[in-house]
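Here the structure comes first, spelled out in structure tokens, and everything after it is commentary.
The values are calculated or read from the model by the stated rules, or taken from the named source; none is laboratory data. Predicted, not measured: the structure shown is a model, and the values here were computed from it. Glycine also receives a Cβ, built like all others from the backbone with ideal geometry; neighbour counts cover every protein chain displayed.
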């Protein structure tokens with residue numbers, strides 16, 4: 001089928017759940033390459049900060065890609081599920097309280113070699129900001 005994406009060998013990778021006031025970061029393992037299909041993570045926000053997540057892809061030194069997770073900062077006392085994937089456009093936050101969703105773009109066909117990181121950089125993160133474990137949908141290749 002023309003224009004279809006080959007997802008043979010695709011799998012979900014559940015990342016590490018970081019402590020409050022800490023960014024998430026996942027590294028492509030040694031001897032593997034990941035074709036990044038989607039990234040999704042929940043951010044619980046307490047009563048004071050108004051965070052705005054940015055998805056960052058780097059090699060540990062140089063940034064290769066950045067994408068905002070929302071066109072606006074997250075409101076206090078909400079939980080937002082941020083999802084980045086090819087074909088998604090940057091959205092505002094939709095929903096209320098513990099059921100807020102937002103999307104951001106991700107390049108199609110992005111293959112990351114070993115040691116590359118998929119991480120957050122959050123404007124306005126603070127003591128009341130708490131990411132859950134990120135979920136990455138990848139196609140894994142030997143490298």
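General observations
Condition check ((1) at pLDDT 95 or above; (2) not in a loop (DSSP other than H, G, I, E, B)) across all residues:
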{"position": "1", "(1), (2)": "no, no"}
{"position": "18", "(1), (2)": "yes, no"}
{"position": "21", "(1), (2)": "yes, no"}
{"position": "40", "(1), (2)": "yes, yes"}
{"position": "67", "(1), (2)": "yes, yes"}
{"position": "88", "(1), (2)": "yes, no"}
{"position": "95", "(1), (2)": "yes, yes"}
{"position": "107", "(1), (2)": "yes, no"}
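- Within the range 78-89, tally of residues that are without any contact (Cβ under 8 Å) to a residue 40 or more places away in the chain and either over 19 Å from residue 50 (Cα atoms) or loosely packed, with under 15 Cβ neighbours inside 10 Å (or both): 3
- When residues of the range 42-65 are limited to those that are part of a loop (DSSP other than H, G, I, E, B) and touching a residue at least 60 places away in the same chain (Cβ under 8 Å), the one surrounded by the fewest Cβ atoms within 10 Å (Cβ to Cβ): 47
- The set of residues in the range 69-86 that are more than 19 Å from residue 130 (Cα to Cα) and part of a loop (DSSP other than H, G, I, E, B) comprises 71, 86.
- Any hit, the range 69-77, residues being without any contact (Cβ under 8 Å) to a residue 12 or more places away in the chain and more than 20 Å from residue 16 (Cβ to Cβ): no
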